[in-house]
Amino acid sequence: MAKTILIVDDSESIREVVNFTLQNAGFEVFAAGNGIEAQKFLDGRTIDLVITDLHMPEMDGIGLIKYIRATAGYSRVPILFLTTESQLAKKIEAKDAGATGWIIKPFVPAKLLAAISKVIR
Amino acid sequence: MDNFQKKFLEEASDLINQLEQALLTLEQDMQNPELVDSIFRIMHSLKGGGGMFGFDNISSYTHKLENMYDLVRQKKLKVSREMLDITFESADHITSMLNDDGGKTAEIKRNEEILNKRIDAILDGDNFSSTGADSEDSSSETSVLKTFYIKVKPYEHIQRNGTNPFFLIDELVGLGKTKVNIFYSNIPDFENFVLDDTYIWWEVILTTDKDEDAVKDVFIFVEDDCEITIQKLCDADVFVMEGIEPLLDCRQDFPFDLDKIKTLAEAITALEKAKNESAAANAAKSNSGDEHIKKFTKESSISGIRVASEKIDILMNLVSELITTQAGLNLYAEKNKDAELTRITENLENISRQLRDTAFSITLIPIDYLVVRFRRLVRDLSREVGKEIEFEARGAETELDKTLIEGISEPLMHILRNSIDHGIETAKERQAAGKPAAGKIILQAYYSGSQVVIAVTDDGAGMDPKKIKRKAIEKGLIPSDAQLTDKEAIDLIFMPGFSTSETVTNISGRGVGMDVVKRKVSDIRGTVQVSSSLGEGTTITIKLPLTLSIIDGMLVRIADVDYIIPLSVIDTIFAVEHEKIVASFQNVINIEGSQYPFYYLRDEFGLTDSAPAKEEIIMVKYEDRKIGIVVDNITGEYQAVLKPLGKLYRNQDIFSGASILGDGTVALVLDTHKVINQFTKYNEI
């Protein structure tokens, strides 16, 4: 069965690029525009991987990561966050919150898939 | 990811088909710009796709080709036949790279070097070598196989942020060839076990063409979640190294012995390097123009390693001890009649036997090792004496114990010198005798039973028994009225102080005669024979035992003492009544209608107690005769590990050594040749 991935980002173009790339690679992809939407989506649904941006309205990435880790049934779900090279402090914060890894923006499809392959098989 | 790569592979093989098609057409129409364009495009696609999907080698290789065709497009370079050849071969090369599962990487690398050189030659020839757009790109491509040691010890909490530590190991495995050792020893007992905590850890030996950064990259997300050690062991593929398997044995909870792996790898890489250097030197000599890329045939692994000869000596010694101990165990097992013990003993014996044979074969060196030197000697000497001489070596692959090789080198050199100097005639003399102007010396080596025979044959003048005899009389070596057969006369050359050369030349007239040859050969338990026919040539035959340290022997007893006679000299064995021996006249016995001289060892050893009623007479080969040696009885065949005799007994010529039997007693090894010589002398006096 195809692995399921939730992409959480407020930028539609990012969501689309990720969606397109991941669907082409054979994943089943769901999208959410921010942390709250993501929370609503999850609500007991099984998911194999969450990819989230850090800067979002409503509930940001760090909040989402903390929420996921604290929620029964999701505590072991791998989480990748999107970041830029310059945001080192954010990276540490996200890691401390319980993220599994990160993807540096901008990225080419191969990079994205490589990062994903490190956390789910 | 895999899907993408598969896609790319399909795409790439399509591209290569298109490439070949375009090349075939271009060959007919070398200046067609459209074809050049389409080749350039294909290269470009391969390069782009390769980079995107992890085929960096393809990407960087096609980059070069792309450069070349770009220059053609810009009309700075003309399509040449060589360029087409290169591109055809490149198509093969790229196919190889696409299909490489990691096993052929070394060959592919080699092919690439050859092709790169040819591409460079084209670019160089037209002074375009510097036009390579980004040269750092191609220099970073010199990736070779490297071996890393990686220790991954996750902290207990690693899984809490969604990391699956198995994926780390999986990813490492995906980088190349690996051996993964796993450690369970930290797993706590049940009460203390926390579900989802991580207790196990790993060691990985990885051979990959990726660099250390790529290995580090695996752990990029988990740097703070585990203890990671990455250590480069060597710049080579340890998995193809001979003798590595035991070192890469993954025994859970026992770490790899890195020092040993490193030592072995260093030794082998050094050897490889030396090989490559000489190969490179050869290649340089044979003008690079003739180089062809090889579509891989078979995995070329390292064929040997260099080991200090002392280590081999130690190994051989230990094996000797093992064989002796084994014999003791056999005896004990036989006595105890315990089925289980017998079974184990037999198994162990089987293993020791194999170990012995393997260890023994390690000490063997092909005669070819000497032949190279001989070739040179013949070439140089024949020039010096102004003779034309061909040298041919047959059976040079025959292997001999290294000590024998060392021991036989000088005698053979001397024999060759003799042939060149005295044996082969000058071209004029040869033509007068109706022979081809060029003389011929053949060195032939072959196995004969447990012996190795090395024969040096020349088609020279041969030896004149009359001349030899005259010389021997002149020198006072034999009485002037001695009656000698031709063969006996020729054998005189082995007498000390004999030299037939009319003029002492600086080649063979070095004061070393055939007597020295004979002595040197017999020092290593060998024999020398000469046969010669006047006008046709001479053959000198050296027979050597296969090894010096272990002999197949016949264990015999004389008055409760064990002796060993090498099987190689034994011809036949007869049982005879003691009375028949007593009744024999002049130590000659009649057996089955033939007369045989014999030696009664009881007498020779001065034993006076009574002999058994039935004794055994062992016919041993002595030169071309058979001579009997009488012993009390025969125990059976025995594999004797030869040990030298102590200082006090060293001068005992008739014993070539001793062997310790399974029960701890010592058996002396009889050198029948010398037994016969010595007692003949003694009896004649």
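The values are calculated or read from the model by the stated rules, or taken from the named source; none is laboratory data. What you see is a predicted model; the values in this text were computed from it and never measured. Note that each Cβ is placed from the backbone with ideal geometry, even for glycine, and that neighbours are counted across all protein chains shown.
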Regarding B:Ser448, is this residue surrounded by fewer than 16 Cβ atoms within 10 Å (Cβ to Cβ), at pLDDT below 85, polar (S, T, N, Q) and within 20 Å of B:Ala393 (Cα to Cα)? yes
Filtering helices (runs of 4 or more DSSP H) wholly in the range A:26-121 for at least 1 residues that are under 16 Å from B:Ile220 (Cα atoms) gives A:88-97, A:109-119
I'm told B:Glu615 meets every condition in (1) surrounded by fewer than 21 Cβ atoms within 10 Å (Cβ to Cβ); (2) over 44 Å from the mean Cα position of the chain (by Cα) except one. Can you identify the failing condition by its number? (1)
With respect to A:Gly26, is the statement that it is among the small types (Gly, Ala, Ser) and in contact with a helix residue (DSSP H, G or I) (Cβ under 7 Å, 6 or more places away or on another chain) true? yes
Among residues belonging to the range A:75-121 that are of a type in the set (S, T, N, Q) and buried (at least 17 other Cβ atoms within 10 Å of the Cβ), point out the one that is nearest to the other protein chains (Cβ to nearest Cβ). A:Thr100
When residues of the range B:225-254 are limited to those that are surrounded by fewer than 12 Cβ atoms within 10 Å (Cβ to Cβ) and either within 14 Å of chain A (Cβ to nearest Cβ) or within 16 Å of B:Thr147 (Cβ to Cβ) (or both), the one modelled with the lowest pLDDT: B:Glu245
Scanning the range B:199-221 residue by residue, those over 43 Å from the mean Cα position of the chain (by Cα) and crowded, with 22+ Cβ neighbours inside 10 Å turn out to be B:Phe221
Are any of the residues in the range B:406-425 outside any helix (DSSP H, G or I), modelled with pLDDT of 85 or more and either surrounded by 14 or more Cβ atoms within 10 Å (Cβ to Cβ) or in contact with a helix residue (DSSP H, G or I) (Cβ under 6 Å, 6 or more places away or on another chain) (or both)? yes
Among (1) more than 14 Å from chain B (Cβ to nearest Cβ); (2) farther than 27 Å from B:His157 by Cβ; (3) touching a Leu at 6+ places or on another chain (Cβ under 7 Å); (4) buried (at least 19 other Cβ atoms within 10 Å of the Cβ), which single condition is A:Thr21 missing? (1)
Can you name every one of the strands (runs of 3 or more DSSP E) wholly within the range B:544-606 that holds 2 or more residues which are of a type outside the set (Val, Ile, Thr) and either within 30 Å of B:Val319 (Cβ to Cβ) or out of contact with any helix residue (DSSP H, G or I) (no Cβ under 7 Å at 6 or more places or on another chain) (or both)? B:550-558, B:561-566, B:570-577, B:594-600
Whichever residue in the range B:168-181 is within 11 Å of chain A (Cβ to nearest Cβ) and surrounded by fewer than 17 Cβ atoms within 10 Å (Cβ to Cβ) and, among such residues, is nearest to the chain's Cα centre (by Cα): B:Gly174
β-branched (Val, Ile, Thr) and without any contact (Cβ under 8 Å) to a residue 40 or more places away in the chain: which single residue out of B:Ile493, B:Ile420, B:Ile454, B:Ile405 fits that description? B:Ile493
Restrict the check to the range B:73-87 and report whether at least one residue is in the same structural domain as B:Lys6 (by TED's automatic domain parsing), under 22 Å from B:Asp14 (Cβ atoms) and crowded, with 21+ Cβ neighbours inside 10 Å. yes
How many residues are in contact with a Pro (Cβ under 7 Å, 6 or more places away or on another chain) and either under 23 Å from B:Arg160 (Cβ atoms) or within 14 Å of another protein chain (Cβ to nearest Cβ) (or both) if we restrict to the range B:200-220? 1
Scan the range B:156-167 for residues that are more than 8 Å from chain A (Cβ to nearest Cβ) and more than 22 Å from A:Ile62 (Cβ to Cβ) and jot them down. B:Glu156, B:Pro165, B:Phe166
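Let's see how each residue does on (1) at pLDDT 90 or above; (2) aliphatic (A, V, I, L, M); (3) under 20 Å from B:Asp624 (Cβ atoms):
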site: B:Ile542; (1), (2), (3): yes, yes, yes
site: B:Tyr563; (1), (2), (3): yes, no, no
site: B:Leu567; (1), (2), (3): no, yes, yes
site: B:Ala575; (1), (2), (3): yes, yes, no
site: B:Val582; (1), (2), (3): no, yes, no
Picking from B:Ser568, B:Ser584, which residue would you name as being polar (S, T, N, Q), closer than 29 Å to B:Lys643 by Cα and touching a residue at least 12 places away in the same chain (Cβ under 8 Å)? B:Ser568
What pairs come up if the first residue lies in the range B:103-123 and is surrounded by fewer than 17 Cβ atoms within 10 Å (Cβ to Cβ), the second is of a type in the set (Asp, Glu), and their beta carbons are under 7 Å apart, counting only those six or more places apart or on different chains? B:Gly103/B:Glu299
Which residue pairs have Cβ atoms closer than 7 Å, lie 6 or more positions apart in sequence or on different chains, and pair a first residue in the range B:431-448 that is in contact (Cβ under 8 Å) with a residue 60 or more places away in the chain and within 19 Å of B:Leu381 (Cα to Cα) with a second residue that is surrounded by 13 or more Cβ atoms within 10 Å (Cβ to Cβ) and of a type in the set (Gly, Ala, Ser)? B:Ile441/B:Ser419; B:Leu443/B:Ala393
Counting only residues that are of a type outside the set (A, V, I, L, M), touching a residue at least 24 places away in the same chain (Cβ under 8 Å) and more than 21 Å from B:Gly50 (Cα to Cα), how many does the range B:3-37 have? 3
